[in-house]
Amino acid sequence: MRILDQDVSGGSAIAYAGLIEKIEILRSTLRWSARLERPDIEKLLRQFTALRDEVMQLSHRERFVKAAAAEPARPRQAPGERRQALLERSFVFEGTFGDNPKLLEALEIAEKAAPTDLPVLIDGESGTGKELMAKVIHANGARADKPFISVNCGAIPENLLESELFGHRKGAFTGAASDRKGKFESAHRGTIFLDEIGELPLTGQVKLLRVLEAHEIQRVGSDEAIAVDARIVAATNRNLRRFCEEGRFREDLFYRLSVIHLTLPPLRERKDEIPLLIAYFGDEAAEALKRRPVALSPRLRDFLLDYAYPGNIRELRNLIYRISCLAGETAGLEHLPEALRPVSPAFPAPAGSADAAIPKSLSDAKRAASDEAEKALLERGLQEVGGTVAELARRWDMNRSHLQTLLKKHGIHSKDFRRAAAPDKSP
Ligand SMILES: Nc1ncnc2c1ncn2[C@@H]1O[C@H](COP(=O)(O)OP(=O)(O)OP(=O)(O)O)[C@@H](O)[C@H]1O
Ligand SMILES: [Mg+2]
């Protein structure tokens, strides 16, 4: 995990000297001008604004670097103690659960980053809690009582992007029936969460960069510059460094967004926490569904402890809510979604049983498990891309015809997933 991409502390003396020099130039301009016309005043004001931004940025970095240096990570401190220490400092967890060292490290960095306005980039696989972490950063900062505006950059069609982010004037384009505020204006004084930033097209990246530099936006169809003060938190499940190398993401934007860079661990790296997470979400689901916490059959418990969770915490949470909703007192394998059930047609679960039958040999069991896992993954993948095989092949970096062959082998029809195109972003 990276805290800062560059070591800014070493260069700060030089940076401050540069700022003082600029201030002196402005002071002498003012002192020696006999008379200032409006354009001169505006020019000076612009220079002052730029200077103020530089000072703010430098001081935020300084504060962050100092805080980070003052309290070095204490790896030997027990996870429970680290969580307790955060609690004692009135840290707002926003429901973030877990004692995994990487998660705690992310929370400790979030604690230090929250009071600053430094941009934060959060990466991690799908469902690892990136949006939750963005809310944690917002909730622990001075902007907590101001808006938190979430924008899914991957879900906005390219031609509507500018209007969504920056708003538009009435009549700016066909369908612009009235003036409309964009997400940046809505996030004024608060936080804007730019989700799936890796999906932002290059044209949008240029526009975003301009806003980050000037701290002002222009609505589509308007010349008026509107000042916006929104703290930026961005998230991605892509490797943005690789995207930069491939020319798909602007490097300058990457560096601007990732002054603080947090990476959230996938659930398979926190396997020891799965029992605790099951209990946590089991209680949460019981409360939400107004029932007693569901008990798990031994085979369901084994499955939940071993499963790979490609959808990470979201998937685990959804599974627990599902079984809490469907099961009576005790949940069994039959309460899992069909695509996940570790039962091959060769080993069907006996009717009415809370668990499946046991395979006859180890190799049968392995084959059945591997087939089922492959099928489940294909179905989940298709669900996520709304049934578009080409897109799935691209995401998984595999040959499209090989993917088609696998789908055929399992009797999966991509068109059956077309209606479920919108990915489930809700818990
Ligand atoms: N550490 C955690 N403790 C409790 N709940 C969590 C944790 N991490 C994630 N969750 C829950 O898991 C679900 C998914 O989290 P979130 O939406 O933040 O993930 P994400 O990384 O943004 O996913 P995606 O990449 O798919 O958008 C949410 O319901 C969230 O509350
Ligand atoms: Mg998300």
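Descriptive notes on the structure:
- Using only Cα coordinates, the Kirkwood hydrodynamic radius of segment 100-200 works out to 15.0 Å.
- Where only alpha carbons of segment 223-351 are counted, the Rg and the Dmax (Å): 21.1, 70
- Under a model in which nothing but the beta-carbon of Lys, Arg (+1) and Asp, Glu (-1) is charged, segment 209-325 shows a dipole of about 600 debye around its Cα centre.
- A simple charge model with +1 on the Cβ of Lys and Arg, -1 on the Cβ of Asp and Glu and nothing else charged puts the dipole of segment 78-265 at about 220 debye relative to its Cα centre.
- Neighbour counting of Cβ atoms within 10 Å sorts the residues Ile149, Ile232, fewest neighbours leading, into Ile149, Ile232.
- Under the simplified labelling scheme, the Glu216-Asn399 pair shows an inter-label distance of 5.6 nm, with each label point 7 Å from Cα along Cα→Cβ.
- The slack in the chain from Ala308 to Glu251, taken as 0.36 nm per residue of separation less the alpha-carbon distance, amounts to 17.2 nm.
- Gained length - Ala155 relative to Thr203, 0.36 nm times residue gap less alpha-carbon distance: 15.7 nm
- Shape summary of segment 368-427, radius of gyration then Dmax from alpha carbon positions: 11.3, 34 Å.
- DSSP-defined beta bridges in segment 78-265 - what % are antiparallel, rounded to 5: 20
- Which of Pro79, Ile226, His261, positive extreme of dipole for segment 78-265 (C-beta unit charges): Ile226
- Rounded FRET efficiency, nearest 0.05, which uses the C-beta distance separating Leu44 from Ala339 and R0 of 56 Å: 0.30
- Semi-axes of the equivalent ellipsoid for segment 78-265, Cα gyration tensor, largest first, Å: 31, 19, 13
- Cβ-based charge dipole, segment 368-427, positive-most Cα from Ala369, Ala390, Thr405: Ala390
- Inverse mean reciprocal Cα-Cα distance (Kirkwood Rh) of segment 223-296, Å: 16.8
- Residue-span extension gain [Arg367 to Leu406] - 0.36 nm each, minus C-alpha spacing: 12.5 nm
Laboratory data are not the source of any read-out in this text; all were calculated from the coordinates shown. Here the structure is a predicted model, which means the values were calculated and not measured. All Cβ positions, even for glycine, are placed from backbone atoms using ideal geometry, and neighbour counts span all protein chains on display.
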